[in-house]
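Below: the structure, in structure tokens.
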Amino acid sequence: MDELHLDQYALLVGIVKSASLHNLENNLKRALGRKNLVVLTLCNQGSIEKNYLKLSQRSLKIHSKEFIIADTLNFLLFVQKKVKEKLRNKTTRLEGLKIFTTLDSVSQNAIANAVSVSISELKKQKKLKYLEVEMIVVKKFNGAINAFISATHTIFYYYNHVLKVFCFIGSFSKPVMYLKVLSNTKKYHLNSWISNYLISIKLANDRY
């Protein structure tokens, strides 16, 4: 809801009374009229006087069901695989399960559109025949996946590529390492000399 614009809020308010009568697929003009009625009411109340014309003239951008399914197919198939991994042999059917995901359709649509436009332009500019792209959008607070794309054709299911690639973290780990070292005030401080040589650290799985 936080991602909606004022005219979209007006549409939701307008169709609450009779959602079936103002169905966006079957009665688009009627739904548009309800949206404009709410906008007009807000204008008469003095809430959006300056924005009335712009909001009332804005059309309803409705995507088909096929578009929505294709655009989020990667994410949905990824969720399906993860659910099966978690449940294992407890059940073979997923019908009836209530699954809450971190999918952000706004982010998914945004990166899909960005890829469609940018990649085609790059191919023309650089005269490239083959060019692929991978992208992940995560929450900065907990790392939850909001959206991802694994190929230039965003409806193709190549999630293995983008979610199983390992990259060196490089400088991202340095602040954490420095803070951890400096927390040992008896041994290290800002002027401590540290030898510049490679070290190997043994992990729990006996790998280095």
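What residue, among those in region 105-128 that are modelled with pLDDT of 80 or more and in contact with a helix residue (DSSP H, G or I) (Cβ under 9 Å, 6 or more places away or on another chain), is surrounded by the fewest Cβ atoms within 10 Å (Cβ to Cβ)?
Out of the qualifying residues, it is LEU128.
Quickly run through region 136-178 and pick out the residues that are at pLDDT 70 or above, assigned to a loop (DSSP other than H, G, I, E, B) and loosely packed, with under 11 Cβ neighbours inside 10 Å.
LYS140, PHE141, ASN142, GLY143, listed by residue number.
The values are calculated or read from the model by the stated rules, or taken from the named source; none is laboratory data. Given the structure is predicted, the values throughout are model-derived calculations rather than measurements. We place every Cβ from the backbone using ideal geometry, glycine too, and count neighbours over all the protein chains shown.
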